[in-house]
Amino acid sequence: MMPKITRHTILIPFIALFCSCSSVYMPNVPNTPMLSSQGELSAGGHISLKGNVSVNAAYAAGNHLGILLNGSIMNNRGSKREFNHNLVEAGAGYFTPFGEGDRQIFEAYAGFGKGSSLTTFKEATPTGVTVTEQQDVGFRKFFMQVNYSAKDKDGFQLFGKRIELNYGTALRLSYVDMNRFLLNNQSHTPEDNIFFEPVFFTRTALSKNVQLQYTGSTNIGLRNRKYLSAGNSIFTLGIVINVGGNRP
């Protein structure tokens with residue numbers, strides 16, 4: 001039986017979202033399309049406070065078969081650290097609505113991806129800015145995730161209008177393996193890691209098909225690594241669009 005998730009539960013992990021350190025891996029926003037029937041299409045775009053942009057798309061190819069396509073890109077230029085990151089993913093899995101009015105949705109997906117990152121550390125000197133270290137990484141990624149989401153039939157009232165509220169969680173396990181690691185332009189021993197990424201999200205309906213989503217997550221590395229560590233969490237705002245199918 002699925003655990004009941006409330007709006008209060010979703011706020012719990014936000015306390016940890018602002019604690020992060022340096023890592024060559026930046027997690028993207030997991031795809032939580034909330035597919036309910038064949039022919040439905042979901043698309044979303046999300047941006048974090050650090051400027052990490054994630055885009056997600058999903059299509060219900062069958063009554064219970066969903067196909068995913070994800071991507072993210074980041075170009076952050078600080079005075080002491082520059083960080084460039086990109087990632088693409090593809091996956092597939094199972095979805096099914098259940099419960100009263102089919103207002104709850106269970107999804108399970110698996111997939112793979114590849115990406116790269118370039119991290120440059122700098123410091124100011126009397127003669128100008130000097131690069132102290134550069135980390136050039138290429139990596140492969142394999143992931144599995146389980147999503148649970150629900151549609152609040154009551155929602156909330158705003159200016160006399162009822163606003164639908166959806167919420168849920170995704171529990172994602174990602175294996176990331178470097179296939180290229182250059183430290184200051186010299187080959188370095190590659191690293192791998194397994195990340196547990198519990199994600200919580202809430203969506204506010206702007207119209208029948210368009211929703212505003214905020215997402216929060218922690219990132220836990222199951223192996224002790226120096227460079228491929230769990231140094232980044234997710235806190236994003238985005239827009240999600242669901243069209244087609246036979247949505248309740």
Hull-based mean projected area of the chain, where the convex hull spans the alpha carbons, in square nanometres: 15.0 nm²
Count of Lys pairs (Cα-Cα under 15 Å; at least 8 positions apart or interchain) in the chain: 9
Potential lengthening between residue 142 and residue 186 on full extension [0.36 nm per residue; Cα-Cα distance subtracted]: 13.2 nm
Label zone at residue 206, where the point sits 7 Å out along the Cα-to-Cβ direction: region 224-248 residues whose backbone N lies under 18 Å: 236-244
Packing-based ranking, highest mean first, of 239-245, 178-184 given that Cβ atoms within 10 Å are counted: 239-245, 178-184
222 nm mean residue ellipticity, helices alone, for the chain (DSSP H n ≥ 4; -39,500 (n - 2.57); rounded to 500): -500 deg cm²/dmol
Additional length obtainable on full extension of the chain from residue 133 to residue 41, 0.36 nm per residue less Cα span: 28.8 nm
Karplus-derived 3J(HN,Hα), 6.51/-1.76/1.60, for each residue of region 203-220, Hz, glycine and proline x: 10, 10, 6, 8, 7, 4, 10, 10, 9, 8, 10, 10, 10, x, 7, 10, 9, 10
³J(HN,Hα), Karplus 6.51/-1.76/1.60, whole Hz, each residue of region 25-40, x for Gly, Pro: 10, 10, x, 8, 6, x, 7, 10, x, 6, 5, 10, 7, 4, x, 7
Highest-first arrangement of 200-213, 134-147, where packing means the average Cβ count within 10 Å: 134-147, 200-213
Peptides 48-56, 115-123 ordered by average Cβ neighbours within 10 Å, highest first: 48-56, 115-123
Over the chain, relative contact order from alpha-carbon pairs under 8 Å, at least 6 apart, %: 21 percent
Cα-based Kirkwood hydrodynamic radius, region 95-179, one decimal, Å: 17.4 Å
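A short reminder: the numbers here are calculations on the coordinates, not readings from a lab. These numbers come from a predicted model, not from an experiment. Neighbour counts are summed over all protein chains in view; Cβ atoms, including those assigned to glycine, are modelled from backbone coordinates with ideal geometry.
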